[in-house]
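Have a look at the structure below, then the notes.
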Amino acid sequence: MRFLPLHLLLCGLAGCGESIVDDDGGDSDTDTDTDSDTDTDDTCSDDDDCGEFEICEEDACIDGDRSNSFDEAEPLFLESDLRGSIHTAGDADYWSMEVSEPGWYRASVVRDGDTELDTVVSVHRSNGELYAYGDDYGPFVIGSYDTRFSFYLPEAGTWYLKVEDFSSFFPDDDEPSAGQPSWSYTMNVDGGPS
């Protein structure tokens with residue numbers, strides 16, 4: 001580790017307006033210390049070391065998430081804001097919820113920012129079978145929802161909600177599915193036994 005003389009340190013903080021030559025003859029405004037222990041790359045050892053909507057793969061943070069199948073579904077807690085993102089074409093986020101008895105529930109999704117994300121929320125039984133889905137929102141809904149719909153769950157157990165872009169849920173040969181790292185959303189599910 002190198003130490004700068006006090007006058008160089010003070011000039012660096014206060015800004016002297018001219019380059020100063022340090023003890024080794026180099027220009028202190030442009031010298032870089034290659035032995036610095038402050039590394040700015042995005043290395044990681046697990047997902048907690050990465051930012052929102054990033055995962056740790058091969059010691060590097062990359063765009064993505066882990067909730068890409070029923071087996072990887074993230075737990076869903078009622079009346080909690082859940083954050084997700086449709087990173088790539090065909091991406092979908094899976095959420096699981098434990099239901100103690102039959103009841104009515106409502107899923108509300110708001111997309112973040114001004115993106116082309118058009119969410120569809122589908123409800124699946126514990127075996128993955130499609131039970132219901134909602135695209136857009138019903139009449140008389142006030143708010144900035146991209147998808148909002150109510151559904152009745154007829155039995156206790158594990159249920160899954162899947163969030164994806166319209167282009168993935170309703171595939172069209174003429175228009176490929178879509179997704180981008182900036183396509184993020186917030187989902188909230190409320191309701192309960194009736």
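The values are calculated or read from the model by the stated rules, or taken from the named source; none is laboratory data. Being a predicted model, the structure only gives us computed values, none of them experimental. Cβ coordinates were reconstructed from backbone atoms using ideal geometry, including for glycine residues, and neighbour counts include every protein chain displayed. These accessible areas exclude ligands, DNA and RNA; they are computed on the full protein's heavy atoms, side chains included. Shrake-Rupley method; radii C 1.70, N 1.55, O 1.52, S 1.80 Å.
Looking only at region 120-138, residues that are assigned to a strand (DSSP E or B) and modelled with pLDDT of 90 or more come to 10 in all.
Hey, any hits in region 146-158 for a residue that's assigned to a strand (DSSP E or B) and under 19 Å from the mean Cα position of the chain (by Cα)? Yes; the residues of region 146-158 include at least one that is assigned to a strand (DSSP E or B) and under 19 Å from the mean Cα position of the chain (by Cα). Do the conditions hold for F3, that is, is it at pLDDT 50 or above, open to solvent by 60 Å² or more (accessible area, probe 1.4 Å) and aromatic (F, W, Y)? So F3 fails the test. Could you tell me whether T115 is open to solvent by 40 Å² or more (accessible area, probe 1.4 Å), among the hydroxyl-bearing types (S, T, Y) and modelled with pLDDT under 80? Taking the combined requirement at face value, the residue does not satisfy it. Residue check: E79 meets all listed conditions (1) open to solvent by 70 Å² or more (accessible area, probe 1.4 Å); (2) in a loop (DSSP other than H, G, I, E, B); (3) under 15 Å from W183 (Cβ atoms) but one, namely (3). Kindly indicate whether any position in region 100-112 is surrounded by 14 or more Cβ atoms within 10 Å (Cβ to Cβ), modelled with pLDDT under 80 and outside any loop (DSSP other than H, G, I, E, B). Looking through region 100-112, none of the residues is surrounded by 14 or more Cβ atoms within 10 Å (Cβ to Cβ), modelled with pLDDT under 80 and outside any loop (DSSP other than H, G, I, E, B).
Kindly provide the set of residues from region 82-94 that are farther than 14 Å from G179 by Cα and open to solvent by 20 Å² or more (accessible area, probe 1.4 Å), ordered by number. Of everything in region 82-94, those that are farther than 14 Å from G179 by Cα and open to solvent by 20 Å² or more (accessible area, probe 1.4 Å) turn out to be R83, Y94.
Within region 69-84, is even one residue over 16 Å from the mean Cα position of the chain (by Cα), modelled with pLDDT under 85 and not basic (K, R)? Give the steps one after another, and end with the answer.
Within region 69-84, the subset over 16 Å from the mean Cα position of the chain (by Cα) is 70-71, 77-79.
Among the residues that remain, those that are also modelled with pLDDT under 85 are: none.
Checked against the condition, which is being over 16 Å from the mean Cα position of the chain (by Cα), modelled with pLDDT under 85 and not basic (K, R), region 69-84 yields no hits at all.
Has region 86-98 got any residue that is assigned to a strand (DSSP E or B) and at pLDDT below 85? So far as region 86-98 goes, no, none of its residues is assigned to a strand (DSSP E or B) and at pLDDT below 85.
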